[in-house]
Amino acid sequence: MDNSLVIAGIVLLAVGTYAIRFAGYRLGSRLPMSEKTRNMLSDAATVLLLAVAVTTALFEGTHFAGIARVAGVLFAVFLAWRRAPLILVIVGAAVMTGLLRYLGVS
């Protein structure tokens, strides 16, 4: 893939994100929304982030990322669930993935 396409995609996403945030700021008080609608929009953002995280955890390009990465992500989820500090979650996932790859688990 051409690097200019990647950079153009990043710029387009950045501009789109800024435009959406700015529109929300400017129009937030002008558009009446029920509490149910606000909750739904908040949940939609969470679902979108979760979908991106799951896709990144499972795939590298168009191929399966391997059991080692999935195990590292699951270990990070476990540490986060146990309310470990963020740096411990990140380092723990990296160490778990690296250790499994060192042991030959793909």
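The values are calculated or read from the model by the stated rules, or taken from the named source; none is laboratory data. Please read these numbers as outputs of a predicted model, since none were measured by experiment. Don't worry about glycine lacking a Cβ; one is built from the backbone with ideal geometry, like all the others, and counts go over all protein chains shown. With ligands, DNA and RNA removed, areas are computed over all heavy atoms of the protein, side chains included. Shrake-Rupley method; radii C 1.70, N 1.55, O 1.52, S 1.80 Å.
Would you confirm whether any residue within the range 32-47 is modelled with pLDDT under 90, open to solvent by 100 Å² or more (accessible area, probe 1.4 Å), part of a helix (DSSP H, G or I) and not charged (D, E, K, R)? Yes, because at least one residue in the range 32-47 is modelled with pLDDT under 90, open to solvent by 100 Å² or more (accessible area, probe 1.4 Å), part of a helix (DSSP H, G or I) and not charged (D, E, K, R). Counting only residues that are closer than 21 Å to Tyr102 by Cβ and either open to solvent by 60 Å² or more (accessible area, probe 1.4 Å) or not β-branched (Val, Ile, Thr) (or both), the range 64-88 holds 14 of them. Scanning the range 38-85 for residues that are within 30 Å of Ile20 (Cα to Cα), over 15 Å from the mean Cα position of the chain (by Cα) and not basic (Lys, Arg) yields a count of 6.
The set of residues in the range 1-31 being in a helix (DSSP H, G or I), of a type in the set (A, V, I, L, M) and either under 30 Å from Thr62 (Cβ atoms) or at pLDDT 85 or above (or both) consists of Leu5, Val6, Ile7, Ala8, Ile10, Val11, Leu12, Leu13, Ala14, Val15, Ala19, Ile20.
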